[in-house]
Amino acid sequence: MAFDSVGTAESSDPFLVIPPGVYAPQHDTRLLMAALARERIAAGADVLDLGTGSGALAVRAAQLGGRVTAVDIARCAVATTRLNALLHHQRITVRRSDLASAMQERTYDLILCNPPYVPAPHARVPTRGSSRAWDAGFDGRAVVDRVCDGAPAALRRAGVLLMVHSGLCDPAATVRRLSRGGLEAKVSARTRVPFGPVLLSRLGWLRARDLVKANDSCEELVVIRAERP
């Protein structure tokens, strides 16, 4: 999961346990949660939550009737999601896995993804530490592109991908990439939120790359919806 106000937001679910080091639900999570609520999830539909973090989306998808598999590369996130599933009395399969491997194992009716998407001054994607929840290479697309490439084969017919990311990493490029894979893709939701600590810490670099204008104080978040015909 990703966003730049890490550590500043509180979950709207008072029963969600979020220990230090696990990404807490924030603006992007809530935007994706609202998109999830607009989907018709058939009872027993197979749902994959990629980069589950605290498990907030996985728990909600299970409450809506989905048969949920939640994956994350971070051991602490896997443990947290298992705990939150237990506390919410939801049966969720939780595994430690990278995104690409999870999408290659089987097909799903719905894939949820809040990937790392913040452009960073370094090309290498972190493999440890809290920054791996948001840093995603120079253009913010290191993980987004992998999801776009894996989603078509991971979705069943009429299956849907819902992915949230920043306007800073080119939503139009995401739509094009998913469309090239044979999916019907579009931006289905947008919102603007104030810059948080991560973006503020690299504002000069973002402005130098013309990703942020001099007078900008907010970031656009989008949900991309892609369906397999």
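The values are calculated or read from the model by the stated rules, or taken from the named source; none is laboratory data. Everything quoted here is computed from the prediction, not taken from an experiment. Positions of Cβ are backbone-derived with ideal geometry, glycine not excepted, and every protein chain shown enters the neighbour counts. The area values use the complete protein model at the heavy-atom level, side chains included, leaving out ligands, DNA and RNA. Shrake-Rupley method; radii C 1.70, N 1.55, O 1.52, S 1.80 Å.
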Inset, instruction - Would you work out what percent of the accessible area of the chain, with all protein chains in place, is carbon or sulfur (probe 1.4 Å)? - result: 51
Inset, instruction - Give me the accessible area per residue for region 49-195, probe 1.4 Å, as a whole number in Å². - result: 43
Inset, instruction - In whole Hz, with x marking every Gly and Pro, tabulate ³J(HN,Hα) for region 112-127 from phi via Karplus 6.51 cos²θ - 1.76 cosθ + 1.60, θ = phi - 60°. - result: 10, 8, 10, x, x, 8, 7, x, 10, x, 10, 6, 6, 7, x, 10
Legend entry - Theoretical gain in end-to-end length, GLU227 to ARG156 [0.36 nm per residue, Cα-Cα removed]: 24.6 nm
Inset, instruction - Determine the gain in length on full extension of the stretch GLN104-LEU86; use 0.36 nm per residue of separation and subtract their C-alpha separation, reporting nm with one decimal. - result: 3.8 nm
Inset, instruction - Filter the trypsin sites (Lys or Arg not before Pro) in region 90-174 down to the DSSP loop ones having no more than 11 other Cβ atoms within 10 Å, then list what survives. - result: ARG91, ARG106, ARG124, ARG128
Inset, instruction - List the trypsin sites (Lys or Arg not before Pro) within region 165-229 that fall in a DSSP loop (any state other than H, G, I, E or B) and whose Cβ has at most 14 other Cβ atoms within 10 Å. - result: ARG209, LYS213
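Using just the helices of the chain, give the 222 nm mean residue ellipticity in deg cm²/dmol: DSSP H runs with n ≥ 4 each add -39,500 (n - 2.57), and the total is spread over all residues, rounded to 500.
Value at 222 nm, helices only, nearest 500: -9000 deg cm²/dmol.
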Inset, instruction - Report, for the chain, the % of DSSP beta bridges that are antiparallel, rounded to 5. - result: 45
Legend entry - For the chain, with +1 on Lys and Arg beta carbons and -1 on Asp and Glu, the positive-most of LEU168, LEU57, GLN26 along the dipole: LEU57
Inset, instruction - Could you work out which residue, out of ASP170, ASP72, ASP46, moves most in a Gaussian network model of the chain, that is, has the largest mean-square fluctuation with Cα springs under 10 Å? - result: ASP170
Inset, instruction - Pop the C-beta distance of ARG40 and SER188 into the FRET formula with R0 = 22 Å and round what comes out to the nearest 0.05. - result: 0.95
Legend entry - Residue-count net charge about ALA79 - beta-carbon cut-off 10 Å; Lys, Arg +1, Asp, Glu -1: +2
Inset, instruction - Run the quick spin-label model on ALA173 and ASP216: label points 7 Å from Cα toward the beta carbon, then report their separation in nm to one decimal. - result: 1.3
Legend entry - Amide H partners (placed H, <5 Å) of ALA120, local residues excluded: ALA136, GLY137, PHE138, ASP139, GLY140
Inset, instruction - Please work out the Cα center distance from region 68-113 to region 161-199, rounded to the nearest Å. - result: 22
Inset, instruction - Mind putting together the pair-distance distribution for the chain? All Cα pairs, 5 Å bins, whole percent per bin, short to long. - result: 1, 7, 16, 20, 22, 17, 11, 5, 1, 0
